[in-house]
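The values are calculated or read from the model by the stated rules, or taken from the named source; none is laboratory data. No experiment lies behind these values; they were computed from the predicted model shown. Cβ: placed from backbone, ideal geometry, glycine included. Neighbour counts: every protein chain shown. All accessible areas refer to the heavy atoms of the entire protein, side chains included, with ligands and DNA or RNA removed. Shrake-Rupley method; radii C 1.70, N 1.55, O 1.52, S 1.80 Å.
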There are 2 protein chains.
Amino acid sequence: MKLATLKSGGRDGTLVVVNRELSRCQMVPAIARTLQAALDDWPHCQPQLAEVYTALNNGAARHALPFNEEQCHSPLPRAYQWADGSAYINHVELVRKARGAELPASFWSDPLIYQGGSDSFVGPRDPIYALSEDGGIDLEAEIAVITGDLPMGASALQCAGAIRLLMLVNDVSLRHLIPGELAKGFGFFQSKPASAFSPLAVTPDELGDAWRDCKLHLPLQVQLNRSLFGRPNAGIDMTFDFSRLLAHAARSRELEAGSIIGSGTVSNKQGSLHGSSIAHGGVGYCCLAELRMYETIDSGAPRTGFLKFGDSVRIEMLDADGHSIFGAIEQTVTPYPTSPA
Amino acid sequence: MKLATLKSGGRDGTLVVVNRELSRCQMVPAIARTLQAALDDWPHCQPQLAEVYTALNNGAARHALPFNEEQCHSPLPRAYQWADGSAYINHVELVRKARGAELPASFWSDPLIYQGGSDSFVGPRDPIYALSEDGGIDLEAEIAVITGDLPMGASALQCAGAIRLLMLVNDVSLRHLIPGELAKGFGFFQSKPASAFSPLAVTPDELGDAWRDCKLHLPLQVQLNRSLFGRPNAGIDMTFDFSRLLAHAARSRELEAGSIIGSGTVSNKQGSLHGSSIAHGGVGYCCLAELRMYETIDSGAPRTGFLKFGDSVRIEMLDADGHSIFGAIEQTVTPYPTSPA
């Protein structure tokens, strides 16, 4: 089943069921007006939404409308929780190397998760707004899951069963603010502006064999300014699968339905810590920080700058037949319009 | 104006307006069913809610019911953002000393804020649930504000104008997990279980002269096992007022209506870094960690343990006439009921 949220209809938008080909959709006000409402009452809503999905795919939905990714907000325009893991330890090791920090051995056994801001996500086609270019604006292409309710201390098995939906994420980061913020000891805050999620959130069964061991075994396609920048496989080198990330997050408190847990930047080791860029025949990267580290090792200094106003990012995942599963995140870095107040 | 949320009515409860004496309340489904709904449309809802408040105080509300703090959830049972500052630098300095960490000079000029979990707050009379006593369970009594919408880069002045409501908080912390988690670099996660907020959220105008310079100038009363443990004045030694905390939080992203920003543990310096306990004639503390540090300095080792199952915490604030402003947070540490799954 594929779900999306149209921007119209208020802060939480309007839930629609979308057909597999992403061409038609249907509003479902009699089932749930918003995605959060559906998640709040999932056992009741899910079968009804699935019925609409079947009808849409069979061309039998009576109130179907054309579906347009441009009209979408993030599936949850705002959420009660966005916690982002760092499950691809290769990324963590490489980025830490770039800022001269060592990787503690425990990072291979104890998941790293930070609490992100979830009050004001931007839509998949909205700008990456920034007050200036000076922050070192970077993308981070990731996978994320939306959970059902989980009790405190939930086992990995319980967590696996509570994964309701999957999405793609662009977890924008301000690289130059990170060292100072992490040195303060309380984690990221200003260095993590609003994230954007893919137009579609899809149920795990929709992914067939590509969803196994609580990992999504498909390449994550990243374009920068319309050129291929990365296509690492999200199922490779994921040290902690989603069930372990969720169990970590639920260790000392309950997780409420609609919590979003991210994988962290997808990163394939490709035979060495540093991987290889697309230009050098590798699968490339899901953030600029990794390429810059690769360049530093290759030639003594990074050659690629961070994102500037006007730069564009596209994040997508295709199925085995080349069809877009989640629709595309497509964002352009844009100066934030300063308010008159 | 005073607002509360009854537990009945679903995950977000039911908004009620409460009279000044906390004796009567009225549901307001025609204005807003939940507090978040009121905050989403505050300019429209606020005057209507204020009218009900006036009627309640005048005994003229036609559908008033008895108000019972026991029936309350936290004013926002779940929120889109809970970000907690550390505005009382004395607390930061003392707690860091307790774990052997130095206080960087920048902490006096650059606010420290962490992103907290906001998906599953507990009610003001709910247990402090823990899987075991081993985490070093501590209370942290604080003040928090709920904001309206704020643009990215909002000035402190804009932020001051966006403070909609104030509450008290118990930001429960698992002290023994903090050093390990902070060492990982991503901030708190498992070390911060669910917070509880006071039954009442009140508008700033309700506080009269006690609300000035974006600080709340009244003693915050903390009882442990029914004995006075602290009564520091929340207006004293608050290095960063709420407008500065909000401006820090809004620096690189918008804040959406309903965001909760906390002050951090209230702490008065009382003439020296270590302050003084109630037993020694001081104003005491708002967390056990500070008392333990005081004891360590006083006699070489902490004498007071962290919270155990059965221990109770009460947090309240009285106005100049001795009336409870926010109602009381009253929680007992309780083993989390393990689920059958």
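How big is the A/B interface in buried accessible area, both sides summed, 1.4 Å probe, to the nearest 100 Å²? Don't jump to the answer; show the numbers that get you there.
Working: alone 14790 and 14780 Å², together 24160 Å².
The contact between B and A buries close to 5400 Å².
Relative contact order of chain A: 22 percent, from C-alpha pairs under 8 Å at least 6 residues apart in sequence.
For the rotational copy relationship between A and B, the axis lies nearest to a chain A beta carbon, identified with its distance in whole angstrom as A:GLY187, 1.
Backbone amide hydrogens, once placed in the peptide plane, bring A:LEU218 within less than 5 Å of A:ALA234, A:GLY235, excluding anything fewer than 5 places away on its chain. For the stretch A:53-116, the C-alpha radius of gyration sits at 1.94 times the compact-globule guess of 2.2 N^0.38 Å, with N the residue count. For chain A, taking the reciprocal of the average inverse distance between every pair of different Cα atoms yields a Kirkwood hydrodynamic radius of 20.2 Å.
When the Cα atoms of the protein assembly as shown are aligned to their principal axes, the ranges along those axes come out at 72, 60, 56 Å in descending order.
Please work out whether the stretch A:52-195 counts as rounded, prolate or oblate from its C-alpha gyration tensor, where a ≥ b ≥ c are the square roots of the eigenvalues and a/c under 1.5 means rounded, while otherwise a/b larger than b/c means prolate and anything else oblate? Walk me through the intermediate numbers first.
Working: a/c = 2.50, a/b = 1.47, b/c = 1.71.
Judged from the Cα gyration tensor, the stretch A:52-195 comes out oblate (a/c at least 1.5, b/c at or above a/b).
Relative to the other identical copies, B:PRO43 shows label-point distances of 4.4 nm, where the label point lies 7 Å from Cα along the Cβ direction and values run shortest first.
Comment: the Cα-to-Cβ extended label point of B:SER227, at 7 Å, lies 7.1 nm from its counterparts in the other copies, nearest first. Amide H contacts for B:LEU165 (H built 1.01 Å from N in the peptide plane; partners 5 or more residues away or on another chain; cut-off under 5 Å): B:ILE146. Each residue of the stretch B:101-107 is assigned a 3J(HN,Hα), and the resulting list reads 9, 7, 9, x, 4, 5, 5 Hz, derived from the Karplus form 6.51 cos²θ - 1.76 cosθ + 1.60 (θ = phi - 60°), x at Gly and Pro. B:PHE306 sits with roughly 30 Å² accessible to a 1.4 Å probe, with DNA, RNA and ligands left out of the calculation.
Backbone phi angles across the stretch A:203-213, fed through the Karplus curve with coefficients 6.51, -1.76 and 1.60 (θ = phi - 60°), yield HN-Hα couplings of 6, x, 4, 5, 8, x, 5, 6, 9, 8, 6 Hz in residue order; Gly and Pro are listed as x. For the stretch A:243-296, the alpha carbon positions stretch 45, 19, 18 Å along the principal axes, listed from largest to smallest.
Would you mind counting up the charge near A:CYS286? Only other residues with Cβ under 11 Å from its Cβ, with Lys and Arg at +1 and Asp and Glu at -1.
Values: positive: A:ARG231; negative: A:ASP138, A:GLU140, A:GLU142, A:ASP171, A:GLU290.
Net of charged neighbours comes to -4.
Counting lysine pairs in chain A whose alpha carbons fall under 29 angstrom apart, excluding pairs fewer than 8 residues apart on the same chain, gives 16. Here the Karplus relation 6.51 cos²θ - 1.76 cosθ + 1.60, evaluated at θ = phi - 60°, turns the backbone of the stretch B:225-233 into coupling constants of 6, 6, 10, 4, 10, x, 8, x, 7 Hz, with x for every Gly and Pro.
As a ratio to 2.2 N^0.38 Å, the alpha-carbon radius of gyration computed for the stretch B:1-108 takes the value 1.47. Within the stretch B:38-187, antiparallel bridges make up roughly 100 percent of the DSSP beta bridges whose residues both belong there. The H on the amide N of A:ARG125, modeled in the peptide plane, is under 5 Å from the matching H of A:GLU330, each at least 5 residues off or on a different chain.
Provide the net charge surrounding A:SER195, with neighbours chosen by a C-beta distance below 10 Å and charges set as Lys +1, Arg +1, Asp -1, Glu -1. Net charge in that neighbourhood comes out at -2.
Peptide A:73-81 has a mean shielding of 4, counted as Cβ atoms of other protein chains within 10 Å of each residue's Cβ.
Ratio of Rg to Rh for the stretch A:151-270: 0.98 [Cα atoms; Kirkwood radius as inverse mean 1/r over pairs].
With an a/c value under 1.5 for the gyration tensor axes a ≥ b ≥ c computed over the alpha-carbon atoms, the stretch B:182-341 is described as rounded. Leaving out ligands, DNA and RNA, what percent of the accessible area of the stretch A:247-309 is carbon and sulfur, probe 1.4 Å? Of all accessible area on the stretch A:247-309, carbon and sulfur atoms account for 53 percent.
For chain B, what is the mean residue ellipticity at 222 nm derived from helices alone (per DSSP H run of n ≥ 4: -39500 (n - 2.57); sum divided by total residues; nearest 500 deg cm²/dmol)?
Working: 7 runs with 65 residues, N = 341.
Result for chain B: -5500 deg cm²/dmol, rounded to the nearest 500.
Percent of Cα-Cα pairs more than 15 Å apart in the stretch A:267-341, please.
Cα-Cα pairs of the stretch A:267-341 separated by over 15 Å account for 68 percent.
Projection of the Cα convex hull of the stretch A:7-60, averaged over all directions and equal to a quarter of that hull's surface, yields 3.7 nm². Across the identical copies, the 7 Å label point of B:PRO179, projected outward along Cα→Cβ, sits 2.7 nm from its counterparts, in ascending order.
Could you state the accessible area per residue of the stretch A:246-341 in Å², with a 1.4 Å probe and every protein chain left in place? Let's see the in-between values first.
Values: 3570 Å² over 96 residues.
I get 37 Å² per residue for this part.
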